[in-house]
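The values are calculated or read from the model by the stated rules, or taken from the named source; none is laboratory data. What you are looking at is a predicted structure, and each value in this text was computed from that prediction instead of being measured. Positions of Cβ are backbone-derived with ideal geometry, glycine not excepted, and every protein chain shown enters the neighbour counts.
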Amino acid sequence: MKPSPLTAVLIGAVLSVAAATGCSPTPRHAEPAGASPLTAPRATPPSAGQPADAAPGTCPTAASLPLPKDFPANLPVPSGAVVTSVEHRTGDRLVVATVVRGGFDATLAFLQRRLPKAGYAPKDGEVEEDDAESNFSSATVEGRWTLRKMPDCEEGVYLTYLTAAAS
């Protein structure tokens, strides 16, 4: 049975719209369920940065991942920080996500005090009620840290470092 001209036009229109919008059975840019606002698309295979076990938004329940060998040796990290993921990105950028259980104010004070002592100059930073961020640089490293309160982890904060070799 041959489809009517109207049916053929409707099928053609649907296929054209699907092709033009890139429709597929699954969304291409959907975030994983429970992804934190600090989660970014991976530039490496998923096996490259296995996160520590934790339910979304809660305190980590597994041992910390080790800091990668290419993390700047003198970049201060709060005592007891749990490394939850490590991502190597294009341009030799490194993203290390941690959870710190010292509270927002104490972790912020640590960063503001210890980074300059370690030779990192802060720039373009801002502090709000539940989050803070700042760029920093040294003779060999450029980077950015971000700090955000965790809703379901008592005194827990997300602390993420992005680092790259200074240009």
* To do: For the stretch 118-132, state whether one or more residues are crowded, with 19+ Cβ neighbours inside 10 Å, closer than 15 Å to ALA165 by Cβ, in contact with a strand residue (DSSP E or B) (Cβ under 6 Å, 6 or more places away or on another chain) and touching a residue at least 40 places away in the same chain (Cβ under 8 Å).
  => yes
* What number of residues within the stretch 136-163 are more than 15 Å from the chain's Cα centre (by Cα) and either outside any loop (DSSP other than H, G, I, E, B) or free of Cβ contacts under 8 Å to residues at least 24 places away in the same chain (or both)? -> 5
* Looking for whichever is modelled with pLDDT under 95 and not hydrophobic (A, V, I, L, M, F, W, C) here; the options are PRO60, PRO78, PRO72. Which one fits? => PRO60
* To do: Could you check how many residues of the stretch 67-99 are out of contact with any strand residue (DSSP E or B) (no Cβ under 6 Å at 6 or more places or on another chain), basic (Lys, Arg) and either part of a loop (DSSP other than H, G, I, E, B) or closer than 19 Å to GLU133 by Cα (or both)?
  => 1
